[in-house]
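Engineer: The structure under discussion is supplied below as structure tokens; questions concerning it will follow.
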Amino acid sequence: MKRAAASNESALAEVRDWVRTAQRIVVFTGAGVSAESGIPTFRDALTGLWARFDPERLATEAGFRADPPLVWRWYAERRAAIARAQPNAGHRAIAACEADGARVTVVTQNIDGLHARAGSRTVLELHGNILRVKCLEGCGDPQRIEPRHDWRADPRVPPACPRCGAPLRPDVVWFGELLPQDVFERAEQAVLDADLMLVVGTSALVHPAAGLPLAAHAAGARVVVVNPAPTPIDARAAQVLRGAAGEVLPALLQSSG
């Protein structure tokens, strides 16, 4: 399979042609895309007062049940930082490609909601969204339970489920939890239906999400990696474009319409 650096104009031109002729495109994104908007990874965010905490104390159901206020404050701090972040040129290029008429499904491992804020309409969030909450005991999304409920106005730390009174927790996938089945099944179907998959800003190491590019390749789709560093997917990619999403994607997707 051919591989090339992002600076190689012939490689970019070839992938632009694939984007232009693709019937269905999946863009699979990871932490590198969020990092370009100034959002640190989970472990990178464990600084200052939080540096002394074991990640399992802050990102497991057991840790939350042991000290709900502590974990809630940690996520409230992260949520506030993410709310201040803005979509970068990579997010905007993906959304513009869809706006130009391409059939694009974004499958993301990121929990920040920036793809939707950039304008992408079909976004499958494999690891949830830090800006949402759900009932710890399984009642579900509080806005679906009670559409007018505003959990942000609840002074309790953490706020309570409007149905059962149990604590609300961040709607993210914690260590030891399964990915949301319905979202992952939709992602799998999108991958199997795609003829082009862009794998952007991810090390492609964390399973089961990392299996999606392999499934796309096995189903006959062209897989293109956009990443500054090598990934395990490179050997099966039709092209590898070295560089950051905010640099490569605008050049890659600008002529997709």
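Readers should treat all values here as calculations from the given coordinates under stated rules, not as data from a laboratory. Quick caveat, the model's predicted, so the values are computed rather than measured. Note: ideal-geometry Cβ built from the backbone for every residue, glycine included; neighbour counts use all protein chains shown.
Engineer: What Kirkwood Rh does the stretch 72-132 have if only Cα atoms enter the pairwise 1/r average? Answer in Å.
Structural biologist: Evaluated over the stretch 72-132, this radius sits at 12.1 Å.
Engineer: Can you give the log10 of the normalised intensity I(q)/I(0) at q = 0.09, 0.10 Å⁻¹, computed with Debye over equal Cα scatterers of the stretch 28-163?
Structural biologist: -0.31, -0.39
Engineer: Relative to the longest principal axis of the chain, what angle (0 to 90°, nearest 10) does the C-alpha long axis of helix 89-99 take?
Structural biologist: Once rounded, one gets 70 degrees.
Engineer: Considering the alpha-carbon set of the chain alone, what are its Rg and its Dmax in angstrom?
Structural biologist: 19.1, 59
Engineer: Between Gln143 and Leu131, with labels modelled 7 Å along Cα→Cβ, what's the label distance in nm to one decimal, could you check?
Structural biologist: Computed distance between label sites Gln143 and Leu131 equals 0.9 nm.
Engineer: Still on this structure, I have one more. For the residues Arg78, Arg117, what sequence is obtained by ranking on other C-beta atoms within 10 Å, fewest first? Walk me through the numbers before you get to the answer.
Structural biologist: Working: Arg78 21, Arg117 18.
Placing the least packed residue first, the sequence is Arg117, Arg78.
Engineer: Count charges around Ala221 for me, please; just the other residues with Cβ under 11 Å from its Cβ, Lys/Arg as +1, Asp/Glu as -1.
Structural biologist: For residues surrounding Ala221, the net value is +1.
Engineer: From the square roots a ≥ b ≥ c of the eigenvalues of the alpha-carbon gyration tensor of the stretch 170-257, which class results: rounded (a/c under 1.5), prolate (a/b over b/c), or oblate?
Structural biologist: Verdict is prolate for the stretch 170-257.
Engineer: With a cap of 16 neighbouring Cβ atoms within 10 Å, and only residues DSSP puts in a loop, list the chymotrypsin sites (Phe, Trp or Tyr not before Pro) found in the stretch 8-82.
Structural biologist: In loop regions of the stretch 8-82 (DSSP not H, G, I, E or B), the sparsely surrounded chymotrypsin sites (Phe, Trp or Tyr not before Pro) are Phe42, Phe53.
Engineer: Shifting gears a bit: Can you give the angle from 0 to 90° between the axis of helix 68-84 and the longest principal axis of the chain, with both taken from C-alpha atoms, to the nearest 10?
Structural biologist: For 68-84 against the chain, the angle is about 40 degrees.
Engineer: Only helical DSSP H runs with n ≥ 4 go in: add -39500 (n - 2.57) per run for the chain, normalise by residue count and round the 222 nm mean residue ellipticity to 500 deg cm²/dmol.
Structural biologist: Value at 222 nm, helices only, nearest 500: -10500 deg cm²/dmol.
Engineer: Hey, any idea what Rg/Rh is for the stretch 116-224, computing Rh the Kirkwood way over Cα pairs?
Structural biologist: Reported Rg/Rh (Cα atoms, Kirkwood Rh): 1.07.
Engineer: Go through 242-249, 133-140, 98-105, 152-159 and give me the packing order, highest mean Cβ count within 10 Å leading.
Structural biologist: Working: 242-249: 22.1, 133-140: 16.9, 98-105: 18.4, 152-159: 12.4.
Final packing ranking: 242-249, 98-105, 133-140, 152-159.
Engineer: Would you mind ranking Asp44, Asp195, Asp112 so that the residue whose beta carbon has the fewest other beta carbons within 10 Å leads the list? Let's see the in-between values first.
Structural biologist: Values: Asp44 10, Asp195 17, Asp112 25.
Lowest count first: Asp44, Asp195, Asp112.
Engineer: Separate question: Below 12 angstrom from the Cβ of Thr60, what's the summed charge of the other residues (Lys, Arg +1; Asp, Glu -1)?
Structural biologist: Cβ neighbours under 12 Å give a net charge of -2.
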